[in-house]
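> After the structure tokens below, expect a handful of questions from me.
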Amino acid sequence: MPQESAVYTHGHHESVLRSHTWRTAANSAGYLLDSLKPHMQVLDIGCGPGTITADLAALVPDGQVTGLERAPEVLDQARATAAARGADNTRFVVGDVHALDFPDDTFCVVHAHQVLQHVGDPVQALREMRRVTRPGGIVAVRDSDYSAMTWYPEVPGMTDWRQLYLRVARANGGEPDAGRRLHAWARQAGFAPEAVTATTGTWCYRTPEERSWWSELWADRTVSSSYARIAVDGGHATQAELRRIAEAWRAWGAEEDGWFGILHGEILCRV
């Protein structure tokens, strides 16, 4: 069975977890929530610090949510999140989406948020997600699309940020424009076209508080996270260039008219 070949671009630096812990089922999995039933067994792939996982657990009180993460170091935080919320119907395991260590037909719902953009073989990942989903169940996937991200005003350096990010992510074996490809990957993975519902969702950062939060975490990520190290070690940017891009983020965040929009692709696939 294929194993993960891509490098996770972001890592789990504090600046990355700052954004991951903001995520909730409401702001990140709204397209799925109407399909959940209290008894369901759910697999949450790429659970990270567990905020979405714990939210899903509250929505399936008579079922269970399994959070799966390739990086074991973040699972202590996920367990602490679940414990703080009293989410006793959760468990957390280490695993690879390309080769899930579960029998066929195990889960009612298999969910992955911002995962397929980072994996080496998204079609194989979807095949595995389908395999472990029971007949009649759902595979639910949501990914952003970096080339579709847009902002105002056009502060010098922001376009350089996106071009650099696209180069680094693709050199790592991922596809940062995953959002637009999800429905096609699902077809390649064997889902019938009529079994796939494709939608879009957005995040928008506009208020002074939102701009400050979003710009500062990306400024910090640009110079301090695994992404920064990979960008320099891979010859994609110098540290001076990264510092310049970080300052561009801060300049955008200080703009009174600043606005940042993120488009996500979403798919609900019936098994």
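The values are calculated or read from the model by the stated rules, or taken from the named source; none is laboratory data. Treat the numbers as computed from the prediction; the structure is a model and nothing was measured. No Cβ is skipped: glycine too gets one built from the backbone with ideal geometry, and neighbour counts run over all protein chains shown. Surface areas here come from the heavy atoms of the whole protein model, side chains and all, with no ligands, DNA or RNA. Shrake-Rupley method; radii C 1.70, N 1.55, O 1.52, S 1.80 Å.
> Looking at (1) free of Cβ contacts under 8 Å to residues at least 40 places away in the same chain; (2) assigned to a strand (DSSP E or B); (3) of a type in the set (D, E, K, R), find the lone condition where ARG187 falls short.
Here ARG187 meets the rest and fails (2).
> Just to verify a result, which residue in the range 70-94, among those that are open to solvent by 20 Å² or more (accessible area, probe 1.4 Å) and touching a Leu at 6+ places or on another chain (Cβ under 8 Å), is farthest from CYS269 (Cα to Cα)? Spell out how you get there, then give the answer.
Looking only at the range 70-94, we keep the residues that are open to solvent by 20 Å² or more (accessible area, probe 1.4 Å), and these are 70, 72-73, 76-77, 79-81, 83-86, 88-94.
With touching a Leu at 6+ places or on another chain (Cβ under 8 Å) added as a condition, the list becomes 77, 92-94.
Values: GLN77: 30, PHE92: 24, VAL93: 24, VAL94: 24 Å.
It comes out as GLN77.
> Do any residues in the range 26-47 that are more than 19 Å from TRP203 (Cβ to Cβ) have Cβ atoms under 7 Å from those of residues that are open to solvent by 40 Å² or more (accessible area, probe 1.4 Å) and outside any strand (DSSP E or B), where the two are at least six apart or on different chains, and which pairs are they?
Within 7 Å, the pairs are LEU36/LEU59; PRO38/PRO61; PRO38/ASP62; HIS39/ASP62.
> Same structure, new question: How many residues are in a loop (DSSP other than H, G, I, E, B) and free of Cβ contacts under 8 Å to residues at least 12 places away in the same chain if we restrict to the range 228-253?
Taking the range 228-253 and keeping what is in a loop (DSSP other than H, G, I, E, B), we get 234-238.
Adding the requirement that they be free of Cβ contacts under 8 Å to residues at least 12 places away in the same chain leaves 235, 238.
Total satisfying the criteria: 2.
> Give the residues of the range 33-45 that are within 20 Å of the chain's Cα centre (by Cα) and either buried (at least 22 other Cβ atoms within 10 Å of the Cβ) or of a type in the set (Lys, Arg) (or both), sorted by residue number.
Correct list: VAL42, LEU43, ASP44, ILE45.
> Against the definition (of a type outside the set (Ser, Thr, Tyr), buried (at least 20 other Cβ atoms within 10 Å of the Cβ), over 28 Å from ALA29 (Cα atoms) and at pLDDT 95 or above), how does ALA248 come out, yes or no?
Considered against the rule, which asks whether it is of a type outside the set (Ser, Thr, Tyr), buried (at least 20 other Cβ atoms within 10 Å of the Cβ), over 28 Å from ALA29 (Cα atoms) and at pLDDT 95 or above, ALA248 comes out as yes.
> In addition: Would you be able to tell me the number of residues in the range 131-162 that are crowded, with 20+ Cβ neighbours inside 10 Å and of a type in the set (Lys, Arg)?
So the answer is 1.
Here is a yes/no grid of residues against (1) among the aliphatic types (A, V, I, L, M); (2) part of a helix (DSSP H, G or I); (3) without any contact (Cβ under 8 Å) to a residue 24 or more places away in the chain:
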residue: ALA83; (1), (2), (3): yes, yes, yes
residue: ARG91; (1), (2), (3): no, no, no
residue: ASP96; (1), (2), (3): no, no, no
residue: PHE102; (1), (2), (3): no, no, no
residue: ASP105; (1), (2), (3): no, no, no
residue: HIS111; (1), (2), (3): no, no, no
residue: ARG134; (1), (2), (3): no, no, no
residue: VAL141; (1), (2), (3): yes, no, no
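> From the list ARG18, ARG23, pick out the single residue that is out of contact with any strand residue (DSSP E or B) (no Cβ under 8 Å at 6 or more places or on another chain) and charged (D, E, K, R).
Numbers: ARG23 fails: out of contact with any strand residue (DSSP E or B) (no Cβ under 8 Å at 6 or more places or on another chain).
Answer to the selection: ARG18.
> Output yes when any residue across the range 90-98 is at pLDDT 95 or above, in contact with an Asp or Glu (Cβ under 6 Å, 6 or more places away or on another chain), under 30 Å from ARG206 (Cβ atoms) and of a type in the set (Asp, Glu), and no when none is.
Looking for residues that are at pLDDT 95 or above, in contact with an Asp or Glu (Cβ under 6 Å, 6 or more places away or on another chain), under 30 Å from ARG206 (Cβ atoms) and of a type in the set (Asp, Glu), one finds none in the range 90-98, hence no.
> If I filter the range 173-228 down to residues being of a type in the set (Ser, Thr, Tyr) and over 17 Å from the mean Cα position of the chain (by Cα), which single residue comes out as nearest to TRP259 (Cα to Cα)?
So the first thing to find is which residues in the range 173-228 are of a type in the set (Ser, Thr, Tyr), and the list is 197, 199-200, 202, 205, 207, 212, 215, 222, 224-227.
Next, only the ones that are over 17 Å from the mean Cα position of the chain (by Cα) stay: 197, 205, 207, 212, 215, 222, 224.
Numbers: THR197: 29, TYR205: 6, THR207: 8, SER212: 11, SER215: 11, THR222: 20, SER224: 24 Å.
The extreme case among them is TYR205.
> Could you say which residue among ASP76, ASP34, ASP55 is within 26 Å of ASP220 (Cβ to Cβ) and modelled with pLDDT of 95 or more? Steps first, please.
Details: ASP76 fails: modelled with pLDDT of 95 or more; ASP34 fails: within 26 Å of ASP220 (Cβ to Cβ).
Just a single option satisfies the conditions, and that option is ASP55.
> Taking the conditions exactly as written (open to solvent by less than 60 Å² (accessible area, probe 1.4 Å) and at pLDDT 95 or above), does ALA29 satisfy them or not?
Numbers: open to solvent by less than 60 Å² (accessible area, probe 1.4 Å): yes; at pLDDT 95 or above: yes.
Spelling it out, ALA29 is indeed open to solvent by less than 60 Å² (accessible area, probe 1.4 Å) and at pLDDT 95 or above.
> I would also like to ask the following. Of all residues in the range 199-244, how many are of a type in the set (A, V, I, L, M, F, W, C), buried (at least 16 other Cβ atoms within 10 Å of the Cβ) and over 20 Å from VAL7 (Cβ atoms)?
Going through the range 199-244 one residue at a time, the tally reaches 5.
> Being open to solvent by 50 Å² or more (accessible area, probe 1.4 Å), under 14 Å from GLY120 (Cβ atoms) and either of a type in the set (D, E, K, R) or in contact with a Ser or Thr (Cβ under 7 Å, 6 or more places away or on another chain) (or both) is the filter here; which residues of the range 163-189 pass it? Lay out the reasoning, then the answer.
Within the range 163-189, the first condition is being open to solvent by 50 Å² or more (accessible area, probe 1.4 Å), and the residues that meet it are 163, 167, 170-171, 180-181, 183, 187-188.
Now drop any that are not under 14 Å from GLY120 (Cβ atoms), which leaves 170-171.
Passing the criteria: only ARG170.
For every residue, the table says whether it meets (1) in contact with a strand residue (DSSP E or B) (Cβ under 7 Å, 6 or more places away or on another chain); (2) over 12 Å from LEU68 (Cα atoms); (3) of a type in the set (D, E, K, R).
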position: VAL94; (1), (2), (3): yes, no, no
position: ASP101; (1), (2), (3): no, no, yes
position: HIS111; (1), (2), (3): yes, no, no
position: GLN124; (1), (2), (3): no, yes, no
position: SER144; (1), (2), (3): yes, yes, no
